[in-house]
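The values are calculated or read from the model by the stated rules, or taken from the named source; none is laboratory data. Remember, predicted model here, so these are calculated numbers, not experimental data. All Cβ positions, even for glycine, are placed from backbone atoms using ideal geometry, and neighbour counts span all protein chains on display. Please note that ligands, DNA and RNA were not included when accessible areas were found on the heavy atoms of the full protein model with its side chains. Shrake-Rupley method; radii C 1.70, N 1.55, O 1.52, S 1.80 Å.
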Amino acid sequence: MKRSGNVTTLQVGEWCCEVCRKRIRNLYLKVGPDGTLSVSAPLHTSDATIRRFVTSRAAWVMRRMAAVEAHPSPDTSGLVDGSRLSVWGHVWTLEVRQTAHWSVEPRSCPPDVAAACGTVLLGAPSGASEDARRKRLLGWYRLLLEPEADRCFLSWQERSGLAPDSWHTRVMRSRWGSCAPGTRRISLNVHLAEYPPECLDYVVAHELAHLVEANHGPRFYATLDGLLPDWREAKATLDGGC
């Protein structure tokens, strides 16, 4: 095992894992967009325990690595013609078509964005800034996300009896979702539309568990485990961001 700062590398069979030990309660496994395998572990976790954990998840690791190989990471360098975008976990190609001006943007219908056969079509005026293009695409992501989120909330309410008093979507920089237990209001990150649908299920279940326990204590995790036993896989897909 090699050490570099707070990160170590650990050989597990044919895989070389990056291991970061920190003040957390559970082990987490992640396959990065470049195929890198990494583990976050509690501070005093032994190498043997980490090896057993990774080995027990071998089937999941191989599925994730195959998915990474089949669908290269989206190009985030800019929103130009030919850029790659992620839509529900699949990589699509952006096609920018020049228009005379931006269309009026009613919330129920994004006139400047359409999608078909793995291509996202964006109509944009000549010289439109990347920020302006991104806002249009985020509006489209919101329209993709909201009906699926509504389905998730209804499904979880039927299965668990848990439901917020209200929920909405918004752009969030560092969280996938949030819950205000006092007002029973839940927020979801618009960027969830970029990830596989099971990630949305996980974030909704995570925030609903906060209606039972506001903090990330044993009662919270017991609730989340009861709602979604396989939640750690979706969390790993989201890079441990929640």
(request) Working only within the range 37-58, note down all residues that are part of a loop (DSSP other than H, G, I, E, B) and surrounded by 13 or more Cβ atoms within 10 Å (Cβ to Cβ). (result) Thr45, Arg57
(request) Select from the range 30-66 the residues that are among the basic types (Lys, Arg) and closer than 16 Å to Thr8 by Cβ and write down the one among them that is modelled with the lowest pLDDT. (result) Lys30
(request) From the list Arg175, Arg185, Arg170, pick out the single residue that is touching a Gly at 6+ places or on another chain (Cβ under 8 Å), surrounded by fewer than 18 Cβ atoms within 10 Å (Cβ to Cβ) and of a type in the set (Lys, Arg). (result) Arg175
(request) Kindly indicate whether any position in the range 144-157 is open to solvent by less than 40 Å² (accessible area, probe 1.4 Å), more than 19 Å from Leu227 (Cβ to Cβ) and aliphatic (A, V, I, L, M). (result) yes
(message) So, in the range 159-175, exactly how many residues are under 15 Å from Gly226 (Cβ atoms) and charged (D, E, K, R)?
(response) 1
(message) The conditions are (1) more than 26 Å from Ser40 (Cβ to Cβ); (2) of a type in the set (Val, Ile, Thr); (3) surrounded by 15 or more Cβ atoms within 10 Å (Cβ to Cβ), and Val204 fails exactly one of them. Which is it?
(response) (1)
(request) Check Ala128 against each of (1) buried (at least 19 other Cβ atoms within 10 Å of the Cβ); (2) within 17 Å of Trp88 (Cα to Cα) and name the one condition it does not meet. (result) (2)
(request) Answer yes or no as to whether Ala205 is closer than 29 Å to Leu85 by Cα and either in a loop (DSSP other than H, G, I, E, B) or in contact with a Leu (Cβ under 9 Å, 6 or more places away or on another chain) (or both). (result) yes
(message) Looking for something crowded, with 16+ Cβ neighbours inside 10 Å, part of a helix (DSSP H, G or I) and among the small types (Gly, Ala, Ser) - is there at least one such residue anywhere in the range 212-232?
(response) no
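Matching residues to (1) surrounded by fewer than 13 Cβ atoms within 10 Å (Cβ to Cβ); (2) within 30 Å of Ala114 (Cβ to Cβ); (3) modelled with pLDDT of 80 or more; (4) basic (Lys, Arg):
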{"residue": "Met1", "(1), (2), (3), (4)": "yes, no, no, no"}
{"residue": "Leu27", "(1), (2), (3), (4)": "no, no, yes, no"}
{"residue": "Val68", "(1), (2), (3), (4)": "no, yes, no, no"}
{"residue": "Pro74", "(1), (2), (3), (4)": "no, yes, no, no"}
{"residue": "Ser83", "(1), (2), (3), (4)": "no, yes, yes, no"}
